[in-house]
Amino acid sequence: MLNLGVLASGRGSNFQSIIDEIEAGRINASIKLLIVDKADAYAVERAKKHSIGYLYFNPKQFPSKDDFFIKIADELKTRDVELVVLAGFMRIVRKPLIDAFPNRIMNIHPALLPSFPGLHGQKQAADYGVRISGCTVHFVDEGMDNGPVIIQAAVPVSPDDTEETLSARILKLEHRIYPEAIRLYSEGRLRVEGRIVKISGYELKDEYIVNPPLG
Ligand code: GRF
C-alpha cells in the first residue's frame, strides 16, 4: 500500500477526487497526512470528514521559506509518506522538500504545459484564444510547473469561454487524471528518464481532437 501526503491551500476538490478513488478501492493507497498553508482551507473539512490527519502551518511563522519546507518534509517522513501530492498548493516548492522526495512529488496544472504555466492557466488560455487546452499531471522539480509530464488531458476551448466556463470543463478532467497518475505510480508503472516519464503496460492510441471539428 502506497503512503500519500497531500499539500493544499484551498477548496481541495482534487484532494477529494483522490480520497474517492482510494475509498472506492481503485487505488491501493492511504492518505497519511494533509498539510495546508491557509488556516481556512476547505480541504481541511474534507480531511475531517474522512478521518485523515491534518496540519496547518503558517509560512510566516518560519524564519525562512526553506525552514517551512524542512518542517513539511519532516512531518511527511515521520509518517512514512512515499509520494507527495500537491493539490492546489499555491506555493513554489523549495529544494529541501524536493531533495527529500526526488521524483516523488506530483502536481496538477490546469493547462497543457509548457503552455500557460503559473497562476490562472485557464484564464491565460482563454485570453490567448487557443482552441484546445487541458490539464497536466507532472513530477515537481525546482522550476515552476516544470518537471517531467506524467499525464495530460485536452478539452476544446470556445471563443465564448470565460475563465469560469473553461475552468469547469478542465476541472472535470483534473479529477480523472490526478487519481489515474497516482494509481499508475502506486502500481510501480512510472519510470523517470531525464524529462521523460515511461509508463509500463500502456499502448498509445492514434486518436486526435480537432477544434472546430473537420467539416
Ligand atoms: C486546480 O485547478 C489545480 O489544477 C490547480 O489549483 C486548482 C486546485 O483546485 N493547481 P482544488 O483545490 O483541487 O479544488
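The values are calculated or read from the model by the stated rules, or taken from the named source; none is laboratory data. All values reported here derive from a predicted model rather than from experimental measurement. We place every Cβ from the backbone using ideal geometry, glycine too, and count neighbours over all the protein chains shown. Each accessible area value is taken on the protein alone, full model and side chains, heavy atoms only, with ligands, DNA and RNA left out. Shrake-Rupley method; radii C 1.70, N 1.55, O 1.52, S 1.80 Å.
Rounded to the nearest percent, how much of the accessible area of the stretch 107-215 (1.4 Å probe, protein heavy atoms only) is carbon and sulfur? Walk me through the numbers before you get to the answer.
Working: 3390 of 6330 Å².
Roughly 53 percent of what the probe reaches on the stretch 107-215 is carbon or sulfur.
So if I place +1 on the C-beta of Lys and Arg and -1 on the C-beta of Asp and Glu, and nothing else carries charge, what would the dipole magnitude of the stretch 107-215 be about its Cα centre? I want it in debye, nearest 20.
280 debye
Does the stretch 1-101 classify as rounded, prolate or oblate by the C-alpha gyration tensor (a ≥ b ≥ c root eigenvalues; a/c under 1.5 gives rounded; else a/b over b/c gives prolate, otherwise oblate)?
oblate
As a test of reading the structure, rank S51, S200, S167 by solvent-accessible area (1.4 Å probe, protein chains only), most first.
S51, S200, S167
Return a single number: how many Lys pairs in the chain, at a sequence separation of 8 or more or on separate chains, have alpha-carbon atoms below 23 angstrom apart.
Lysine pair count for the chain: 24.
Dipole of the stretch 1-132 (Lys/Arg Cβ +1, Asp/Glu Cβ -1, origin at the Cα centre): which of L86, V130, V6 lies farthest to the positive side?
Going by the charge dipole, the pick is V130.
Specify whether the C-alpha gyration tensor of the stretch 95-143 places it in the rounded, prolate or oblate class, a ≥ b ≥ c being the square roots of the eigenvalues: rounded for a/c under 1.5, otherwise prolate if a/b is larger than b/c and oblate if not.
prolate
Under a no-solvent Debye model with one identical scatterer per Cα of the stretch 57-215, what's log10 I(q)/I(0) at q = 0.09, 0.10, 0.16 Å⁻¹?
Taken in order of the listed q values, log10 I(q)/I(0) reads -0.34, -0.41, -0.96.
Which order do E180, E207, E174, E75 take when ranked by solvent-accessible area (1.4 Å probe, heavy atoms of all protein chains), largest first?
E207, E180, E75, E174
Using DSSP to call loops (not H, G, I, E or B), can you name the chymotrypsin sites (Phe, Trp or Tyr not before Pro) in the stretch 127-215 whose Cβ has at most 14 other Cβ atoms within 10 angstrom?
Counting only loop positions with at most 14 other Cβ atoms within 10 Å, the chymotrypsin sites (Phe, Trp or Tyr not before Pro) in the stretch 127-215 are Y202, Y208.
Given the -39500 (n - 2.57) contribution per DSSP H run of 4+ residues, what per-residue ellipticity at 222 nm results for the chain, rounded to the nearest 500 deg cm²/dmol?
-10000 deg cm²/dmol
What's the angle, to the nearest 10 degrees (0 to 90), between helix 163-186's Cα axis and the longest principal axis of the chain?
Roughly 60 degrees between the two axes.
Which angle from 0 to 90°, rounded to the nearest 10, does the C-alpha axis of helix 65-78 make with the longest principal axis of the chain?
It works out to around 80 degrees.
Considering only L214, L184, L173, whose Cα is most displaced toward the positive end of the charge dipole of the chain, charges sitting on Cβ of Lys, Arg (+1) and Asp, Glu (-1)?
Result: L184, furthest along the dipole toward the positive end.
Relative to the longest principal axis of the C-alpha atoms of the chain, give the angle of the C-alpha long axis of helix 13-23, reported between 0 and 90° and rounded to the nearest 10°.
Orientation of helix 13-23: about 80 degrees from the principal axis.
What's the carbon and sulfur percent of the stretch 1-101's accessible surface, probe 1.4 angstrom, rounded to a whole number?
With neighbouring chains kept in place, the figure for the stretch 1-101 is 47 percent.
Could you please put T165, T136, T78 in sequence from largest to smallest accessible area, using a 1.4 Å probe?
These residues rank, largest area first, as T78, T165, T136.
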